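Peer 1: Dropping the structure in here first, questions after.
The values are calculated or read from the model by the stated rules, or taken from the named source; none is laboratory data. These numbers were taken from a predicted model, which means no experiment stands behind them. Backbone-built Cβ (ideal geometry, glycine too); neighbour counts: all protein chains shown. These area figures cover heavy atoms from the full protein model, side chains too; ligands, DNA and RNA do not enter into them. Shrake-Rupley method; radii C 1.70, N 1.55, O 1.52, S 1.80 Å.
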Amino acid sequence: MTNENVDYGLTPDEIEFFFKNGYVKPFKVYEPEEMEAHWKKVRLQTLNRKHAVYGENTLSNGKNNNLANYDRHLDIGFLGDHVCHPKIVHKVRSLMGPNLLCWKSEFFSKYPGDAGTDWHQAESFAGVAGRPHIEWPDNAERKGTLTAWCAFTDAMIDTACLAIVPGTHNMMFYDETKRLVFDPERNNNLVKNGVHRGLWGYDYRDLQKDPNWVPDESQAVYLEMKRGEVVIFWSTVLHSSLPHLGKTQEMRLGFSSRYVPPEVRIHPDSDVLTEFGGEVSLENYGAIVVAGENNYTHNKIRDTNMLGQPFKRV
């Protein structure tokens, strides 16, 4: 439950911690049983792609690729409410300013036996797409996006929890002007530093500025989270996830929502999105204003989802 008269923003100490380390420690948004109930309903709704903004070409080798997981907040009511949730948006607002857009959401599933996700950073998200997803003004002090990653199921050490190397958000170890090559066979077959880690058919090492550089995993913080908890981090902080060891048959599911201020250009100069061996039209896509105002005209904005339901601006 939330109270519209309560400010859920960060304290000065939490803001200082964030800018030093690149993330906000996990916090509760939903009670575990509440999150479980929501996911039971949403799971069925995700199977219905009738109103999904990307209804075509989300298959690779006959299987749904990660494009099928994109931007379901634009057609599923609970997910639209979630990306606007005051307990999340107020904290993002503490870090990014009063005017905010949610420009992307995505499911991240790990089934028993799945490899972990490779260490990576994202500033423009161009490495996978071949063109920038987002462009900040030239005079911006930093780039990237704020990601709010919500545990829809428990995410523990044995079930593919997230890992972050604090303080790495101020230095890019990767060059996103290089291009990643999609190969679906890579996802569960790459072994790095003794750990199975892929990136949905990509090898993120292809983007390294120094091909001999290796992430210092001794500095990593492992973010175990109960269902209903959220962690916020800069996309430029070095982050990954561990493998799902299969000690339980429950998959690990995370749902991320990503935020930028309105001056950032989203999917600039493009009407299609090409990733994971598929290509989808951006005809029905639109960012949503989750806080404050949008005083720019360069981004396509949606006030309602694909079913006509309005989004709840803070």
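Peer 1: No solvent, one uniform scatterer per C-alpha: report log10 I(q)/I(0) for the stretch 254-294 via the Debye equation at q = 0.17, 0.23, 0.27 1/Å, two decimals.
Peer 2: For the stretch 254-294 at q = 0.17, 0.23, 0.27 Å⁻¹, log10 I(q)/I(0) is -0.62, -0.99, -1.12.
Peer 1: Still on this model: Could you give the radius of gyration (one decimal) and Dmax (whole number) of the Cα atoms in the stretch 271-314, in Å?
Peer 2: Spelled out, the Cα radius of gyration and Dmax of the stretch 271-314 are 12.8, 37 Å.
Peer 1: Among bridges DSSP assigns within the chain, what percent are antiparallel (round to 5)?
Peer 2: Of the beta bridges lying entirely in the chain, close to 95 percent run antiparallel.
Peer 1: May I ask you to compute the full-extension gain from Leu245 to Asp216, defined as 0.36 nm times their residue separation minus their alpha-carbon distance, rounded to one decimal in nm?
Peer 2: 8.2 nm is the gain from fully extending Leu245 to Asp216.
Peer 1: Right, next: Hey, how many Å between the Cα centroid of the stretch 1-53 and the Cα centroid of the stretch 289-314?
Peer 2: Centre-to-centre distance over Cα atoms comes out at 19 Å.
Peer 1: When the accessible area of the chain is computed with all protein chains present and a 1.4 Å probe, what percentage of it is carbon and sulfur?
Peer 2: Within the chain, the accessible surface is 47 percent carbon and sulfur.
Peer 1: Report the equivalent ellipsoid semi-axes for the stretch 79-131 in whole Å, largest first, defined as the square roots of five times the eigenvalues of the gyration tensor built from alpha carbon atoms.
Peer 2: Equivalent-ellipsoid dimensions as semi-axes: 26, 18, 11 Å.
Peer 1: Take every Cα-Cα pair in the stretch 113-185 and report what % of them are more than 16 Å apart. The partial results should precede the final answer.
Peer 2: On the way: 1656 of 2628 pairs.
Within the stretch 113-185, distances greater than 16 Å cover 63 percent of Cα pairs.
Peer 1: Once you list every other residue whose beta carbon is under 13 Å from the beta carbon of Gly246, what net charge do they have if Lys and Arg are +1 and Asp and Glu are -1?
Peer 2: Taking every Cβ under 13 Å from that of Gly246, the sum is 0.
Peer 1: Continuing with this model, one more query. Using a probe radius of 1.4 Å on heavy atoms only, what accessible surface per residue do you get for the chain? Whole Å² is fine. All intermediate terms of the calculation are to be shown ahead of the outcome.
Peer 2: Numbers: 14190 Å² over 314 residues.
Counting only protein heavy atoms, the per-residue value for the chain is 45 Å².
Peer 1: Ranked highest first by average number of other Cβ atoms within 10 Å, how do 13-26, 110-123 line up?
Peer 2: Per-residue mean Cβ counts within 10 Å order the peptides as 110-123, 13-26.
Peer 1: Out of every Cα pair in the stretch 1-48, what percent are spaced more than 12 Å from each other?
Peer 2: 74
Peer 1: Beyond 17 Å, what share of the Cα-Cα pairs of the stretch 210-314 remains, rounded to the nearest whole percent?
Peer 2: Working: 3951 of 5460 pairs.
Counting pairs separated by more than 17 Å, the tail of P(r) holds 72 percent.
Peer 1: Please report the Cα spread of the stretch 7-110 along all three principal axes, rounded to whole Å, starting with the longest.
Peer 2: Sorted from largest, the Cα extents of the stretch 7-110 read 49, 28, 27 Å.
Peer 1: If you average over every viewing direction, what projected area does the convex hull of the Cα atoms of the chain give, in nm²?
Peer 2: Over every viewing direction, the Cα hull of the chain projects on average to 15.4 nm².
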